[in-house]
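Have a look at the structure below, then the notes.
The values are calculated or read from the model by the stated rules, or taken from the named source; none is laboratory data. Only a predicted model underlies this, so the values are computations on that prediction, with no experimental measurement involved. Here the Cβ positions follow ideal geometry from the backbone for every residue, glycine too, while neighbour counts run over all protein chains shown. Side chains included, ligands, DNA and RNA excluded: accessible areas come from the protein's heavy atoms. Shrake-Rupley method; radii C 1.70, N 1.55, O 1.52, S 1.80 Å.
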Amino acid sequence: MIHHGDSLEVLKTFESNSIDALVTDPPYGLGNTSPANVAACLQAWISGRDYQANGSGFMGKEWDSWVPSPNLWKEVYRVLKPGGHGLVFSGSRTEDLMSISLRLAGFEVRDRLVWLYGSGFPKSHDISKAIDKKLGVKRAVIGKESNRGCMVNNNSMNDYKGEWDITEPAPDEAKKYSGFGTALKPAYEPIILVRKPLDGTVANNVLKHGVGGLNIDDCRVGTIGGTKKVNVLESKESKTVNAYGNGLNGGTVHLIKKGRWPANILLDESINDPLLKRYFYCAKASKAEREAGLISNNSIANVHPTVKPLDLMRYLCRLITPPNGTILEPFAGSGTTLCAAALEGFEPIGIEREAEYIEIIKARLKHWSGGKHDYTDKVEAKPLSGEQLSLF
């Protein structure tokens, strides 16, 4: 199901304790997070008010000016079943605010998953160039540099082919800070694992509400290095097995080929180290994946700036959702979470405020669900020439 509207208002129409899991990629709030603004935000949140941030965030988007407030998460909390888990993406420099917002809504923060990738671009400011500009000094050209094109997120960057000047700082003040910048290369995104408090014990909660655990076996990594199962040979004599699983007095040990226990580290496939194969691998979304199912004549393109890869979202959906469960995404974006949920056999429920993404969501969801979730506008077929129209 796809809802077009403000998440807070749409969620108010949902039944309490009706959703199994939350998997969401909300706004990271990459606006002006100055100490003064953060202090004002926390004062507002603690008093139960929303904080109204000014300006914009990632790529100048107004909706990314601040992280969602506790009042929004309180509605998510209300509709989740007791013991229901949530996986919430956040920005590396605003994870603290996202976590506080979720805690103030009533959620328990259980863990933090980290998705590592190797294809991030640093958004750094060259300090020596800034000093030259401030002093009004023109930098000396000492050579040429060219770019023959490259691949970024599996997409060709050949449009960036070209040649440009290599310069060096002019005054001593700028030379002193040659090679200095203002930011590191982004290489990970945190994912906050939260849970609505249990109704009694875990066993009681699972039996009563059907949620409360993590689907470990269906999210194991690889087929080597799994847990050990001990089968003791039948005998009238008592048999013992030590803590390392080594059979004693005739016991035998068999390896369960289920793979390694899922970790809270997720890797991009470009990090190709054999020692890291114990972790889940997933590349960033390619253009072909982002736009599969969209009209190919360029009348529709996936213009969302932060599209997550399907394999990653499928893994996260599978980790916290019971079989045939419902998954809520209150910030649907271009619909990746909904597509992933459908591919895993779950029931997707998405909310998106921005009208420009609704048709993209519908087309992608129809494609990836094989037509099962088709919310595209239906066009009435015109009767053929000479065909009699129905009277009723």
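Measure out, as a whole number of angstrom, how far apart the alpha-carbon centroids of the range 174-218 and the range 71-104 sit. That distance is 10 Å. Take Arg139: with every protein chain present and a 1.4 Å probe, its accessible area is about 40 Å².
Residues whose amide H falls under 5 Å from that of Trp115, counting only those 5 or more places apart or on a different chain, are Glu189, Ile191, Leu266, with hydrogens built in the peptide plane.
In this structure the amide hydrogen of Ile351, modeled in the peptide plane, comes within under 5 Å of the amide hydrogens of His3, Glu329, Phe331, Ala332, none closer than 5 places in sequence on its chain. So which of Lys196/Lys308; Lys12/Lys61; Lys129/Lys176 end up more than 20 Å apart, counting from Cα to Cα? Going by Cα-Cα distance, Lys196/Lys308; Lys12/Lys61 fall outside the 20 Å limit. What the phi angles of the range 88-93 give under the Karplus curve with 6.51, -1.76 and 1.60, with θ = phi - 60°, is a coupling list of 10, 5, 8, x, 5, 9 Hz, glycine and proline written as x. Rounded to the nearest Hz, the phi-derived 3J(HN,Hα) couplings of the range 348-359 under the Karplus curve 6.51 cos²θ - 1.76 cosθ + 1.60 (θ = phi - 60°) are x, 10, x, 10, 9, 7, 7, 4, 5, 9, 4, 5, where x marks glycine and proline. Full extension of the chain between Asp217 and Glu9 yields a length gain of 71.2 nm, computed as 0.36 nm times the residue separation minus the alpha carbon distance.
Modelled spin labels at Asn324 and Asn32, positioned 7 Å past Cα toward Cβ, are 5.3 nm from each other.
Gain on full extension, evaluated as 0.36 nm per residue between Arg93 and Trp63 minus their Cα-Cα distance, stands at 9.1 nm. For Val23, the residues 5 or more places off, or on other chains, whose built amide H falls under 5 Å of its own are Leu87, Leu328.
Within the range 1-94, which GluC sites (Glu not before Pro) sit in a loop by DSSP and count at most 11 neighbouring Cβ atoms inside 10 Å? Sites meeting the loop and neighbour criteria: Glu15.
Measuring with a 1.4 angstrom probe and ignoring ligands and nucleic acids, Glu173 comes out at about 110 Å² accessible. Between Phe180 and Ala140, the modelled labels are 2.1 nm apart [label points 7 Å from Cα along Cα→Cβ]. 3J(HN,Hα) along the range 13-30, derived from phi through the Karplus expression 6.51 cos²θ - 1.76 cosθ + 1.60 where θ = phi - 60°, amounts to 8, 7, 6, 5, 6, 10, 10, 7, 8, 10, 10, 8, 10, x, x, 7, x, 8 Hz, with x in place of Gly and Pro.
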